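The values are calculated or read from the model by the stated rules, or taken from the named source; none is laboratory data. Predicted model, so just to flag it, every value in this text is computed and none were measured. FYI the Cβ positions are ideal-geometry reconstructions off the backbone, even for glycines, and counts take in every protein chain you see. To get the accessible areas, we keep the full protein, side chains included, count just its heavy atoms, and leave off ligands, DNA and RNA. Shrake-Rupley method; radii C 1.70, N 1.55, O 1.52, S 1.80 Å.
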Amino acid sequence: MDELIHQCWTKTTTAEGDDIRRSFNWVTARRARLRVTRSSLVCGDWTIPYHDIQEAILYWISWMLIPGYVLRVKANGVTYQFGLNWGHFWQKELPFPVRRERGRVGYTVFSMVVRIVVLAAVLYWLW
């Protein structure tokens, strides 16, 4: 078995492609442990060997002053996005080549409608 370096809980989707955004795809995203080993990323039954990674970008994001990350990995024609909580591990050198960028999370029509409905419900409850 490959040596485990780090593990954490994640939400993961392959349905977003290159877009970093809030959408219905994250509601139905896979919830599992992301295991970072010496030779691969493992999430549930997905195994992504580092030598298959064409591109990896670690986006630093903030939502309501809460920091976090989205790791976007392209491998074998599939784009994976891992939603990650903030942690010191992701600030250090990783065992695979990764570019780090400040991410801006977009919104879909679905996510905007959900926010409006929730806001309306809260305002109604307060009234």
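Things worth noting here:
- Test for Gln81: is it open to solvent by less than 90 Å² (accessible area, probe 1.4 Å) and at pLDDT 80 or above: yes
- Restricted to the stretch 52-70, and to residues there that are under 18 Å from Arg35 (Cβ atoms) and at pLDDT 90 or above, the residue that is surrounded by the fewest Cβ atoms within 10 Å (Cβ to Cβ) is Asp52.
- Filtered residues of the stretch 45-82 (kept if of a type outside the set (A, V, I, L, M), assigned to a loop (DSSP other than H, G, I, E, B) and free of Cβ contacts under 8 Å to residues at least 24 places away in the same chain): Asp45, Gly77
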